[in-house]
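Report on the structure given below.
The values are calculated or read from the model by the stated rules, or taken from the named source; none is laboratory data. Note that the structure is a prediction, hence the values are computed from the model and not measured. Here the Cβ positions follow ideal geometry from the backbone for every residue, glycine too, while neighbour counts run over all protein chains shown. Accessible surface is based on the protein model in full, side chains and every heavy atom, while ligands, DNA and RNA are left aside. Shrake-Rupley method; radii C 1.70, N 1.55, O 1.52, S 1.80 Å.
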Amino acid sequence: MEKAALKVQGMSCEHCVKAIEGSVGDLAGVERVLVDLKGGEVAVEYNPQSVSLDKIKETIDDQGYDVEE
Ligand SMILES: [Cu+2]
């Protein structure tokens with residue numbers, strides 16, 4: 001299991017939290033996803049054999065948020 005903390009811009013309310021936790025949480029291989037609204041961070045635990053970090057970033061991006069590199 002891998003862990004990563006992504007800096008994400010544009011998250012402002014509970015709707016954003018649900019959108020990200022819902023969409024990323026639905027990805028096969030993602031074990032946990034936790035949004036820190038104040039810190040502007042998304043913490044993920046995932047199985048790199050099932051899902052890539054790029055795929056997770058892309059999913060957040062698809063929801064309309066910017067992931068910083
Ligand atoms: Cu929002």
Where does the chain land at 222 nm, in deg cm²/dmol rounded to the nearest 500, when only DSSP H runs of n ≥ 4 count, each adding -39500 (n - 2.57), divided by all residues? -9500 deg cm²/dmol
Length gained when the stretch residue 26-residue 66 is fully extended (0.36 nm per residue, less Cα-Cα span): 12.5 nm
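Test of understanding: what is the full-extension gain from residue 4 to residue 37, defined as 0.36 nm times their sequence separation minus their Cα-Cα distance? Working shown, then result.
Working: separation 33, 0.36 × 33 = 11.88 nm, distance 1.60 nm.
The residue 4-residue 37 span can extend by a further 10.3 nm.
Let me know the charge dipole size of the chain about its Cα centre in debye, to the nearest 20, where only the beta-carbon of Lys, Arg (+1) and Asp, Glu (-1) is charged.
160
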Does the chain come out rounded, prolate or oblate, given a ≥ b ≥ c as the square roots of the eigenvalues of its C-alpha gyration tensor, rounded meaning a/c under 1.5 and, failing that, prolate meaning a/b above b/c? prolate
12 Å reach of a label modelled at residue 53, 7 Å along Cα-to-Cβ, counting backbone N of the range 2-30: 2-7
Please give every one of the lysines within straight-line cross-link reach of residue 18, meaning a C-alpha to C-alpha distance under 19 Å, and leave out same-chain neighbours fewer than 8 residues apart. 7, 38, 55, 57
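How high is the relative contact order of the range 2-67, in percent, counting Cα pairs under 8 Å that sit 6 or more residues apart?
Once divided by the residue count of the range 2-67, the mean separation gives 41 percent.
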Could you work out the local net charge near residue 41, counting Lys and Arg as +1, Asp and Glu as -1, over the other residues with Cβ closer than 11 Å to its Cβ? 0
Keeping all protein chains in place, calculate the accessible area per residue for the chain (probe 1.4 angstrom), answer in Å². 62
Roll a 1.4 angstrom probe over the protein heavy atoms and tell me the percent of accessible area of the chain that is carbon or sulfur. 43
